[in-house]
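Worksheet: the structure to be examined is printed underneath.
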Amino acid sequence: MKDSRTFDDIRPYRDDEIPAAMQRIVESTTFPLLASYVFPNRDLGEVRQLIKSVRTIGEFQSRVMFYMNEEIIRRTMTRFTWSGMEHLSPEQKYLFIGNHRDIVLDSSLMEYVLYKNGHETSEITFGANLMQSPLIVDIGKANKMFRVERPGNNLREFYCASARLSEYIRYTLREKHQSVWIAQRNGRTKDGLDLTNQGVVKMLGLSKSDNKVDALDELHIVPVAISYEWEPCDILKALELYEKKLMGHYVKKPGEDVNSILTGITQFKGNVHLHFCEPLQREELALYDGCTQGDFHRAVARLIDRRIHHAYRLMPNNYIAHDLRYGRSEYADRYTAQQKADFLHHLESLQPYEESCDPEQLTDLLLGIYANPIESFLNDEASQSIH
């Protein structure tokens, strides 16, 4: 058994570290704003005493994070639904691999669903680039988030960081007996194409290299698909895609990550659905046992993709965007005239940027964010029929 101190620099807080973290949170200059959002009907002094009385991670999640999610759902969603709980056992620990549309909400809403259904919450990966503010560090690590390093182009540093992450995930599942959530790729999906990076699959196997099927099978991988009617940060994503297309790369602005977190939380999202897919089965993984390592990783990544693409809940905006992008009315029976008018009105949000961007290209990129989930589903269907 590994010594837990091996991972002291990346692990979440332990229960004995919670009281000090709560004290720092209530002393933060941002605390009054956070308190008024999560507990809008309670006095600031009362909320301060509530936070200071929290002594464990479980208490923080049940007495604070649960209500934060409830407020986000109440204020920014028409409806939040979920499905697939029948695929999970409360006694089993899982590696949840989710499509990544929002920095905070994808995993936070999943934790909310697990808690509501009597399952223990999971630990959550959180990029080191996001752990800049002491307040974010305290809230994140009190909410079972662990630090994921994002090294640059140094191959040795990248391998070491990946191997250590792999070891920690396996240690958490096998020895701490805690589930884990990880995104299917580094960073959010910006273009609406939920594609698992084969490097993520490769990383998971680094901590058990003697048998690639065993390495993944014992993690009990469950793909998770979250679908938003109105994509969080969709305008910001379209602008990023535009700059990347124009310049060949994208450079983040100071404070951009925090702005994306706040925008994602506060932006109206309409209907939101989360689905737990069927866990990957050993028999499925064994089909690729004879492949090279690279082909094995690619095959497993595509297996996860197919689960997510079929579980992704297509909504009127997806069909509207697809028809608009391709100049058709193929899916006109999937949406109303009012829904189309609402979507066209949303496209007008791009107007302030039209002086500095090509309007047609920028509009096409925004349409792609919504239309591409349909393309993913159709491509998977075509691939399955060929085989």
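The sole residue among Arg101, Arg170 that is at pLDDT 95 or above, charged (D, E, K, R) and open to solvent by less than 20 Å² (accessible area, probe 1.4 Å) is Arg101. Within segment 220-247, residues that are under 18 Å from Ser349 (Cα atoms) sit with their Cβ atoms under 8 Å from residues that are of a type in the set (Gly, Ala, Ser) and part of a loop (DSSP other than H, G, I, E, B), at 6+ positions apart or across chains, in these pairs: Glu231/Gly192. Check Pro352 against each of (1) open to solvent by 40 Å² or more (accessible area, probe 1.4 Å); (2) touching a Lys or Arg at 6+ places or on another chain (Cβ under 9 Å); (3) not aliphatic (A, V, I, L, M) and name the one condition it does not meet. The failed condition is (2). Here the condition is being under 18 Å from Ala21 (Cβ atoms) and among the basic types (Lys, Arg); of Lys116, Lys141, it holds for Lys141 alone. Being among the hydrophobic types (A, V, I, L, M, F, W, C), open to solvent by 40 Å² or more (accessible area, probe 1.4 Å), farther than 25 Å from Asp8 by Cβ and in a helix (DSSP H, G or I) narrows it down to one of Leu241, Leu193, Leu216, Leu236, so name that one. Among Leu241, Leu193, Leu216, Leu236, only Leu236 is among the hydrophobic types (A, V, I, L, M, F, W, C), open to solvent by 40 Å² or more (accessible area, probe 1.4 Å), farther than 25 Å from Asp8 by Cβ and in a helix (DSSP H, G or I). The single condition among (1) surrounded by 22 or more Cβ atoms within 10 Å (Cβ to Cβ); (2) in contact with a helix residue (DSSP H, G or I) (Cβ under 6 Å, 6 or more places away or on another chain) that Lys208 does not meet is (1). Name the single residue, out of those in segment 164-190 being in a loop (DSSP other than H, G, I, E, B) and over 13 Å from the mean Cα position of the chain (by Cα), that is nearest to Asp257 (Cα to Cα). Among them, the one singled out is Ser179.
Among residues belonging to segment 219-233 that are among the hydrophobic types (A, V, I, L, M, F, W, C) and closer than 30 Å to Leu367 by Cα, point out the one that is surrounded by the most Cβ atoms within 10 Å (Cβ to Cβ).
Applying the filter and picking the extreme gives Val224.
All of Ile124, Ile103 fail the test of being in a loop (DSSP other than H, G, I, E, B) and among the aliphatic types (A, V, I, L, M), apart from Ile103. Would it be correct to say that Tyr250 is assigned to a loop (DSSP other than H, G, I, E, B) and either among the hydrophobic types (A, V, I, L, M, F, W, C) or open to solvent by 10 Å² or more (accessible area, probe 1.4 Å) (or both)? Criteria met by Tyr250.
In the condition set (1) assigned to a helix (DSSP H, G or I); (2) in contact (Cβ under 8 Å) with a residue 24 or more places away in the chain, Phe146 is compliant with all but (1). Give Glu86, Glu59, Glu71 a once-over and let me know the one that is free of Cβ contacts under 8 Å to residues at least 12 places away in the same chain, out of contact with any Gly (no Cβ under 7 Å at 6 or more places or on another chain) and of a type outside the set (Gly, Ala, Ser). The match here is Glu86. Pairs are defined by a Cβ separation below 6 Å, a sequence spacing of at least 6 or placement on different chains, a first member in segment 32-48 that is at pLDDT 95 or above, and a second member that is open to solvent by 90 Å² or more (accessible area, probe 1.4 Å); the pairs so defined are Val38/Tyr67.
Kindly check whether there is at least one residue in segment 328-341 that is within 23 Å of the chain's Cα centre (by Cα), within 25 Å of Leu365 (Cβ to Cβ) and basic (Lys, Arg). Within segment 328-341 (the criterion being within 23 Å of the chain's Cα centre (by Cα), within 25 Å of Leu365 (Cβ to Cβ) and basic (Lys, Arg)), the answer is no, since none of the residues qualifies. On inspection, Arg156 fails the criterion of being touching a His at 6+ places or on another chain (Cβ under 6 Å), open to solvent by 20 Å² or more (accessible area, probe 1.4 Å) and farther than 17 Å from Phe7 by Cβ.
Restricting attention to segment 74-98, and to residues there that are within 25 Å of Asp305 (Cβ to Cβ) and assigned to a strand (DSSP E or B), which single residue is most open to solvent (accessible area, probe 1.4 Å)? If we take residues in segment 74-98 being within 25 Å of Asp305 (Cβ to Cβ) and assigned to a strand (DSSP E or B), then Trp82 is most open to solvent (accessible area, probe 1.4 Å).
All of Lys52, Lys116 fail the test of being within 24 Å of Tyr312 (Cα to Cα) and modelled with pLDDT of 95 or more, apart from Lys116.
The values are calculated or read from the model by the stated rules, or taken from the named source; none is laboratory data. Just so we're clear, the structure is a prediction, and the values are computed from it rather than from any experiment. So basically every Cβ, Gly included, is an ideal-geometry build from the backbone, and we count neighbours across all protein chains shown. Accessible surface is based on the protein model in full, side chains and every heavy atom, while ligands, DNA and RNA are left aside. Shrake-Rupley method; radii C 1.70, N 1.55, O 1.52, S 1.80 Å.
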